[in-house]
Amino acid sequence: MGYKIVKKAELIPGQTTMMVIEAPQVAKKAKPGNFVMLRVSETGERIPLTIADCDREAGTVTIVYLVVGKTTAEMNTLKEGGEFLDVCGPLGRPTHIEKSGTVVCVGGGTGIAAMHHIAKGHVEAGNRVIAIVGARSKNLLLFCSELSSFCPELRIATDDGSEGHKGFVTEVLQEILETEDEIAEVVAIGPVPMMEAVCRVTLPFKVKTTVSLNSIMVDGIGMCGACRCTVGGKTLFACVDGPEFDGHKVDFAELRTRLWQFREQEEESMEKFSQECQCHGR
Ligand SMILES: Cc1cc2nc3c(=O)[nH]c(=O)nc-3n(C[C@H](O)[C@H](O)[C@H](O)COP(=O)(O)OP(=O)(O)OC[C@H]3O[C@@H](n4cnc5c(N)ncnc54)[C@H](O)[C@@H]3O)c2cc1C
Ligand code: FES
């Protein structure tokens with residue numbers, strides 16, 4: 001028996017999709033920061049996706065994904081009522097959340113969905129959360145109404161100035177760090193260049209900075225070594241030691257290189273999938 005898609009919504013047409021999936025065993029234990037390994041069919045690859053939200057009573061988990069290649073494109077062909085073959089989780093270490101004071105949560109692109117779950121956890125723990133979300137343009141912003149429902153301090157940045165601050169999330173963060181008295185932690189989730197830039201901004205302020213690494217994963221349980229990363233000079237596995245790490249210690253250059261290592265095969269696989277779709281009239 002598979003894992004039923006109880007709701008599917010295109011958040012940004014053709015680009016970003018949200019799915020609510022029936023997975024009671026996963027929902028029962030899921031915490032902010034956890035992810036699932038998900039497989040569409042017997043011949044498909046397993047991919048990691050962050051649990052953007054969960055509903056224990058309904059037994060569902062929410063995922064939000066950007067369509068970037070073969071598997072995410074294949075997922076987009078599934079319909080409400082359809083099923084995934086596997087949804088394995090919750091995996092990874094959950095976010096370390098304790099009552100610590102003011103926490104700034106920064107989300108970029110699809111990372112906003114994952115950041116929203118973490119921000120909610122911090123609010124529930126009694127922390128003051130300042131959320132900063134960023135996108136290229138207003139129509140690419142995600143989860144703003146969900147965030148503002150529990151987080152009164154929501155700051156928006158868009159590259160083109162169509163909403164909020166014109167510029168990057170890092171500029172808004174810099175201003176907050178300069179004006180706020182005490183920031184206990186900054187959490188950043190989004191594209192690698194954004195997380196790296198956030199770490200550069202927080203370093204001189206000596207503020208604890210947590211990032212979530214999107215390393216390539218194959219099994220997600222620490223057996224294959226695909227998600228190897230270097231943090232503070234030590235070799236670690238993002239799936240079992242992370243995916244969240246101290247951003248000031250992450251070797252981002254290595255992460256970038258490893259994320260690109262299968263680009264040729266990924267393009268080939270997408271090309272083949274597109275041709276199959278055309279043949280089957282999808
Ligand atoms: C812990 C974790 C949580 C993630 N959460 C989200 C999320 O919530 N939403 C979201 O849109 N994306 C998330 N990702 C990234 C997502 O897994 C990839 O976008 C997806 O695997 C792409 O698969 P594809 O076949 O569509 O694209 P492909 O063409 O195969 O790959 C496109 C790019 O995605 C990355 N990628 C490919 N395969 C994998 C893999 N097996 N594991 C990880 N990355 C891979 C590589 O950088 C690659 O260049 C997460 C990654 C990790 C490690
Ligand atoms: S994905 Fe295999 S060790 Fe992390």
Inset, instruction - Could you check the stretch 211-259 for strands (runs of 3 or more DSSP E) lying wholly inside it with 1 or more residues that are modelled with pLDDT of 95 or more and of a type in the set (S, T, N, Q)? - result: 228-231, 234-237
Legend entry - Close pairs from the stretch 260-272: first open to solvent by 80 Å² or more (accessible area, probe 1.4 Å), partner among the aliphatic types (A, V, I, L, M), Cβ under 8 Å, at least 6 apart: GLN261/ILE216; PHE262/ILE216
Inset, instruction - Examine the stretch 76-91 for a residue that is under 23 Å from SER145 (Cα atoms) and in contact with a helix residue (DSSP H, G or I) (Cβ under 7 Å, 6 or more places away or on another chain), and state whether such a residue exists. - result: no
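Sort through THR72, THR95, THR62, THR43 and tell me the only one that's in contact with a Phe, Trp or Tyr (Cβ under 6 Å, 6 or more places away or on another chain) and within 23 Å of GLY220 (Cα to Cα). Steps first, please.
On the way: THR95 fails: in contact with a Phe, Trp or Tyr (Cβ under 6 Å, 6 or more places away or on another chain); THR62 fails: in contact with a Phe, Trp or Tyr (Cβ under 6 Å, 6 or more places away or on another chain); THR43 fails: in contact with a Phe, Trp or Tyr (Cβ under 6 Å, 6 or more places away or on another chain).
None of the others qualify; the one that does is THR72.
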Inset, instruction - List the number of the failed condition for MET1; all other conditions in (1) away from ligand 2 (no atom under 16 Å from the Cβ); (2) within 19 Å of the chain's Cα centre (by Cα); (3) over 21 Å from LEU140 (Cα atoms) hold. - result: (2)
Legend entry - Filtered residue count, the stretch 102-123, keeping only those that are modelled with pLDDT of 95 or more and either open to solvent by 30 Å² or more (accessible area, probe 1.4 Å) or acidic (Asp, Glu) (or both): 1
Inset, instruction - Report, ordered by the first and then the second residue, all pairs with beta carbons closer than 6 Å, sequence separation of six or more or different chains, a first member in the stretch 82-98 that is under 12 Å from ILE5 (Cβ atoms), and a second member that is charged (D, E, K, R) and away from ligand 1 (no atom under 12 Å from the Cβ). - result: GLU83/LYS4
Inset, instruction - Please find, among LEU141, LEU147, LEU91, the residue that is of a type in the set (A, V, I, L, M) and at pLDDT 95 or above. - result: LEU91
Inset, instruction - Using the structure shown, decide if ALA27 is open to solvent by less than 20 Å² (accessible area, probe 1.4 Å) and either closer than 19 Å to HIS116 by Cα or assigned to a strand (DSSP E or B) (or both). - result: yes
Inset, instruction - Filter the stretch 237-251 for residues that are among the aliphatic types (A, V, I, L, M) and either open to solvent by less than 10 Å² (accessible area, probe 1.4 Å) or touching a Gly at 6+ places or on another chain (Cβ under 7 Å) (or both) and give the result. - result: ALA238, VAL240
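The values are calculated or read from the model by the stated rules, or taken from the named source; none is laboratory data. Since the model is a prediction, treat every value here as computed from it, not as a measurement. FYI the Cβ positions are ideal-geometry reconstructions off the backbone, even for glycines, and counts take in every protein chain you see. These accessible areas exclude ligands, DNA and RNA; they are computed on the full protein's heavy atoms, side chains included. Shrake-Rupley method; radii C 1.70, N 1.55, O 1.52, S 1.80 Å.
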